[in-house]
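Report on one structure; see the data block that follows.
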Amino acid sequence: MLKVNGIDCYYGKSHVLHQATLMVGKNALVGLVGRNGVGKTTTLKAIMGMVPPAQGEVQFLGASLSGLPSYKIPRQGIAYVPQGRHLFPKLTVMENLQIPIVQGELDPDKLEEIFGYFPRLKERLKQKAGTLSGGEQQMLAVGRALITKPKLILLDEPTEGLMPLLVSLISDTVQAINKRGTAILLVEQNLKTLKDICDRIYIMEKGAVVYEGTPAELEAAPEIQERYLSVKV
Ligand SMILES: Nc1ncnc2c1ncn2[C@@H]1O[C@H](COP(=O)(O)OP(=O)(O)OP(=O)(O)O)[C@@H](O)[C@H]1O
Ligand SMILES: [Mg+2]
């Protein structure tokens, strides 16, 4: 479904991605992990056309996304939940959910699905997003990504800074969304979360993808975890 083929990205003269390559199959839940600053967020921004690759290509459903302006990429069926959530703090929960709708009305079934995952959002529809707790804001960010019925969701560290109970809620929900037929590329620092829910895991190091394996394969490779993630096994 999604193919990131040997992309190189720069911020000015700073060369950040080096031939980064990864794939997300139909209905797959794929993890992307790596230390701070290795280029995980940049990879997602490259897919969304926000940091266009200088070399290489991103393909989605068999078509190249190269040269497509970033505002057109969500219309291809890709939703993006950026790191740090990026909600509209002065708008209410409901208004934030309505933002992605360019034409037509909110699908009531989709709304009910979102409230099924996150009942707390339903209780806070008129509350300003900026006054929600960190966990509630993350719920809203994930909920908002569902509104356009994407085929693929890119999630950048959705559990960052949340307490363990909320980490489980978000990761269980990500898995439930995936089981309902949406492919997911999940960036996480928390290797355990990835091992629990992903089909496959990629590891990035210095702007390149250096490892790919199933959770079981990664589990059986403690030297990889230690070398790239400083995990003591
Ligand atoms: N807008 C920018 N301008 C210049 N350099 C940037 C910019 N954004 C990121 N970088 C640099 O690019 C590199 C990769 O950053 P990126 O945000 O992709 O890493 P990351 O793996 O997502 O890190 P983290 O785990 O901390 O979120 C880092 O060295 C970072 O400092
Ligand atoms: Mg990041």
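Couple of notes before you dig in:
- Taking every DSSP bridge with both residues inside the chain, close to 55 percent are antiparallel.
- In percent, rounded to a whole number, the relative contact order of the chain is 28, using alpha-carbon pairs under 8 Å and six or more apart.
- Distance between the modelled labels on Val210 and Glu105, one decimal in nanometres: 5.3 nm (7 Å Cα→Cβ projection).
- Listed residues Gly25, Gly67, Gly49, most fluctuating in the chain (Gaussian network, C-alpha, under 10 Å): Gly67
- Label zone at Arg120, where the point sits 7 Å out along the Cα-to-Cβ direction: the stretch 135-167 residues whose backbone N lies under 14 Å: 135-143, 159-167
- Length gained when the stretch Tyr10-Lys192 is fully extended (0.36 nm per residue, less Cα-Cα span): 62.4 nm
- Label-point separation in nm, Tyr71 to Thr21, each point 7 Å along Cα→Cβ: 3.5
- Each residue of the stretch 43-50 was assigned a 3J(HN,Hα) from its phi angle through the Karplus expression (A = 6.51, B = -1.76, C = 1.60, θ = phi - 60°), giving 4, 5, 5, 5, 4, 7, x, 7 Hz with x at Gly and Pro.
- Of all DSSP beta bridges in the stretch 99-211, antiparallel share, percent nearest 5: 40
- Residue of Gly135, Gly84, Gly62 that the Gaussian network model of the chain assigns the largest fluctuation, springs spanning Cα pairs under 10 Å: Gly62
- This ranking places Cys198, Cys9 by how few other beta-carbon atoms lie within 10 Å of each, fewest first, which gives Cys9, Cys198.
Throughout, read-outs are computed from the coordinates displayed, never taken from laboratory work. Note that this is a predicted model, so its numbers are computed, not measured. Every residue, glycine among them, receives a Cβ derived from its backbone with ideal geometry; neighbour counts consider all protein chains shown.
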